[in-house]
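Below is one structure, written out as structure tokens; comments come after it.
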Amino acid sequence: MSSPCDPQHAPAGDVGGALMMVDSRLKSVHADKAGTDPEQQALVDQYIASLGPTGADDLLNGACTLIFMFMKWLRMAYEDHDKDVIEYVVPNLVATLRRLPKSVRPEAIPTMAGLVIAAGTDLSPSLWRKQYGDWTGFEMTPLEATTFLLAEHINRLTEDPDFATRMITEALSRADES
């Protein structure tokens, strides 16, 4: 029986835009900069302001697609070692989000864990979230943080600070070729 949250029914969204934002954060963190680079933040803010309502929805769907793709890769990597991706990813994600109380409100953490669990069980995070209503403003930063943390998890596992970004970029290139 097909689920209404089956990824084949989900819009991919603006995966390139979402990836750009995550990659920007990854590079900022790895550059050991204290805080956010004001110039970088201005560019991100300008990009977001230029999106409009449908562009913002596309970016949200793109972030959910990234979460799905990251969790798919992590699921395969953990299964290769007879481990459960949910057991190894979700507790760490929740603990890290709880350490960010200025950026991530506590009530957003269960939603982010649910998105990751949905993706880890081969469901679309965006369709899973949609069944609970519209996105809220206070979920935007936690969504970005969740996407960032999954990319960073992959990068740590592979010992390559650009692996997650490169993996998605290559997948997008292959999709464009077909």
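The values are calculated or read from the model by the stated rules, or taken from the named source; none is laboratory data. What you see is a predicted model; the values in this text were computed from it and never measured. In this analysis, Cβ positions are derived from the backbone assuming ideal geometry, glycine residues included, and neighbour counts consider all displayed protein chains. When the accessible area is computed, the model is the full protein with side chains, heavy atoms only, and any ligands, DNA or RNA have been set aside. Shrake-Rupley method; radii C 1.70, N 1.55, O 1.52, S 1.80 Å.
The number of residues in the stretch 146-172 that are under 20 Å from ASP58 (Cβ atoms) and either aliphatic (A, V, I, L, M) or without any contact (Cβ under 8 Å) to a residue 24 or more places away in the chain (or both) comes to 5. Among residues of the stretch 55-69 that are closer than 13 Å to PRO7 by Cβ, those with a Cβ under 6 angstrom from a residue that is aliphatic (A, V, I, L, M) and surrounded by fewer than 24 Cβ atoms within 10 Å (Cβ to Cβ), sequence gap 6+ or separate chain, pair up as THR65/ALA12; THR65/VAL15. Quick one: is ALA175 hydrophobic (A, V, I, L, M, F, W, C) and over 29 Å from SER2 (Cα atoms)? Answer is no for this residue.
Looking only at residues in the stretch 21-57 that are among the aliphatic types (A, V, I, L, M) and under 15 Å from THR165 (Cβ atoms), the one that is modelled with the highest pLDDT is VAL22.
Applying a threshold of 6 Å to beta carbon distances and a minimum spacing of six or more residues, or different chains, the list of pairs starting in the stretch 6-29 at a residue that is open to solvent by 60 Å² or more (accessible area, probe 1.4 Å) and ending at one that is polar (S, T, N, Q) reads PRO11/ASN61.
Residues of the stretch 125-168 that are open to solvent by 10 Å² or more (accessible area, probe 1.4 Å), of a type outside the set (S, T, N, Q), assigned to a helix (DSSP H, G or I) and under 17 Å from ALA77 (Cα atoms): LEU149, GLU152, HIS153, ARG156, LEU157, PHE163, ARG166, MET167.
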